[in-house]
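Engineer: I have a structure here, written as structure tokens, and I will follow up with some questions on it.
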Amino acid sequence: MENNYTTEPIKEIDNLSFKNLKSNKEIIVSPHAFDMLSERQRKIFKEEELIYMVDKETPRKVYLQKNNRYACFYRKADGYRKLILEFEEKNILSIVTFMDLREIPKYNLEK
């Protein structure tokens, strides 16, 4: 049985297409975005930083996942920050979750 809720990447999205997708959207942070963080990490990461990243920075890679969310990888001094984004309504872009990674995973999108 095919699982349509999987986070498996199915397509790489170019930066221009991603920029067009997110244009004129209000960027919000989901209440669940900080769930996987320790108390110490919650004091470090702020909603404004995540919103700024999506709004102003260019991701190194963007993948559409099977669950229709987008995995975006932003370069940082200590590696990469992976943000999972969901287009909720016509004008809302939600940051669902995020995590720090040393490098961008290699995905085989050929099927």
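Engineer: Of all residues being outside any strand (DSSP E or B) and free of Cβ contacts under 8 Å to residues at least 12 places away in the same chain in region 77-104, which is surrounded by the most Cβ atoms within 10 Å (Cβ to Cβ)? Just the residue, please. Lay out the reasoning, then the answer.
Structural biologist: Within region 77-104, the subset outside any strand (DSSP E or B) is 77-78, 90-91, 102-104.
Within this subset, residues satisfying the condition of being free of Cβ contacts under 8 Å to residues at least 12 places away in the same chain are 77, 90.
Details: ALA77: 4, LYS90: 7.
Looking at residues that are outside any strand (DSSP E or B) and free of Cβ contacts under 8 Å to residues at least 12 places away in the same chain, I get LYS90.
Engineer: When residues of region 28-66 are filtered for being of a type in the set (S, T, N, Q) and within 13 Å of the chain's Cα centre (by Cα), how many remain?
Structural biologist: Taking region 28-66 first, the residues of a type in the set (S, T, N, Q) are 30, 38, 41, 58, 65.
Narrowing further to those that are within 13 Å of the chain's Cα centre (by Cα): 30, 58, 65.
Counting residues in region 28-66 that are of a type in the set (S, T, N, Q) and within 13 Å of the chain's Cα centre (by Cα) gives 3.
Engineer: What number of residues in region 1-58 are closer than 20 Å to LEU101 by Cβ, among the polar types (S, T, N, Q) and assigned to a helix (DSSP H, G or I)?
Structural biologist: Summing the residues that are closer than 20 Å to LEU101 by Cβ, among the polar types (S, T, N, Q) and assigned to a helix (DSSP H, G or I) in region 1-58 gives 2.
Engineer: Taking the stated definitions as given, is TYR63 among the hydroxyl-bearing types (Ser, Thr, Tyr) and either in a helix (DSSP H, G or I) or free of Cβ contacts under 8 Å to residues at least 24 places away in the same chain (or both)? Reasoning before the result, please.
Structural biologist: Values: among the hydroxyl-bearing types (Ser, Thr, Tyr): yes; either in a helix (DSSP H, G or I) or free of Cβ contacts under 8 Å to residues at least 24 places away in the same chain (or both): no.
No, not satisfied.
Engineer: Does GLU49 fit the bill of being farther than 22 Å from LEU109 by Cβ, in contact with a Leu (Cβ under 9 Å, 6 or more places away or on another chain), surrounded by 11 or more Cβ atoms within 10 Å (Cβ to Cβ) and among the acidic types (Asp, Glu)?
Structural biologist: Details: farther than 22 Å from LEU109 by Cβ: yes; in contact with a Leu (Cβ under 9 Å, 6 or more places away or on another chain): no; surrounded by 11 or more Cβ atoms within 10 Å (Cβ to Cβ): yes; among the acidic types (Asp, Glu): yes.
Here the answer is no, as GLU49 does not meet what is asked.
Residues are listed down the side, and each one gets a yes or a no for (1) in contact with a Ser or Thr (Cβ under 9 Å, 6 or more places away or on another chain); (2) more than 11 Å from ILE95 (Cα to Cα):
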position	(1), (2)
ILE13	no, yes
SER17	no, yes
ASN24	no, yes
ASP35	yes, yes
ARG40	no, yes
GLU47	no, no
VAL54	no, no
LYS61	no, yes
ASN68	no, yes
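Engineer: So, TYR74, is that one in contact with a Pro (Cβ under 6 Å, 6 or more places away or on another chain), free of Cβ contacts under 8 Å to residues at least 40 places away in the same chain, under 21 Å from PHE18 (Cβ atoms) and not in a loop (DSSP other than H, G, I, E, B) or not? It would help to see each step written out before you state the result.
Structural biologist: On the way: in contact with a Pro (Cβ under 6 Å, 6 or more places away or on another chain): yes; free of Cβ contacts under 8 Å to residues at least 40 places away in the same chain: yes; under 21 Å from PHE18 (Cβ atoms): yes; not in a loop (DSSP other than H, G, I, E, B): yes.
Answer is yes for this residue.
Every number here is computed from the coordinates shown, using simple stated rules; none is lab data. This is a predicted model, so every value here is computed, not measured. No Cβ is skipped: glycine too gets one built from the backbone with ideal geometry, and neighbour counts run over all protein chains shown.
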